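S.K.: The structure is given below, and queries will be raised subsequently.
Only the coordinates and a few stated rules stand behind these numbers; no lab work does. Predicted, not measured: the structure shown is a model, and the values here were computed from it. Cβ coordinates were reconstructed from backbone atoms using ideal geometry, including for glycine residues, and neighbour counts include every protein chain displayed.
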Amino acid sequence: EPKFILDVHLGKLAKQLRMIGFDTLYQNHLDDDEIIEIGLKEKRIILTRDKGLLKNKKVTHGYWIRSSRPEEQLKEVVHRFDLQSRIRPFQRCMECNGLIKSIDKKE
């Protein structure tokens, strides 16, 4: 499964990707160098609205999001990475990206 890391401009997209089940790292305090380092270390695809970030020679896997509208951004990513068959809604927390677990009613 693809894993993503998003830059500061894509907070709403991060929540939407999490909502449909994709491992999506987003922290609005990360700078470009941190995003690149984490992306390389964790084998994540960098999604950004900043062309300059993708021009960095260290970036091996990245994509420039063309749309400025979150709904269109999600469609763009799903199409670009052929994710339609991999969508698993509500598997991840939209806030923290953690996996959601089933629990007994008693808990």
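S.K.: Would you kindly compute the Cα radius of gyration of region 3-86 and its largest Cα-Cα separation (Dmax), both in Å?
M.R.: Over region 3-86's Cα set, Rg and Dmax evaluate to 11.7, 32 Å.
S.K.: To the nearest 500 deg cm²/dmol, what mean residue ellipticity at 222 nm is calculated for the chain from DSSP H runs of n ≥ 4 alone, each contributing -39,500 (n - 2.57), summed and divided by the residues?
M.R.: When only DSSP H runs of four or more count, the value is -9000 deg cm²/dmol.
S.K.: At a Cα cut-off below 28 Å, give the lysines reachable from LYS3, other chains included and same-chain residues fewer than 8 away excluded.
M.R.: LYS12, LYS15, LYS41, LYS43, LYS51, LYS55, LYS57, LYS58, LYS75, LYS101
S.K.: For the residue pair ARG88 and ASP104, what label-to-label distance in nm results when each label sits 7 Å from Cα along the Cα-to-beta-carbon direction?
M.R.: 2.5 nm
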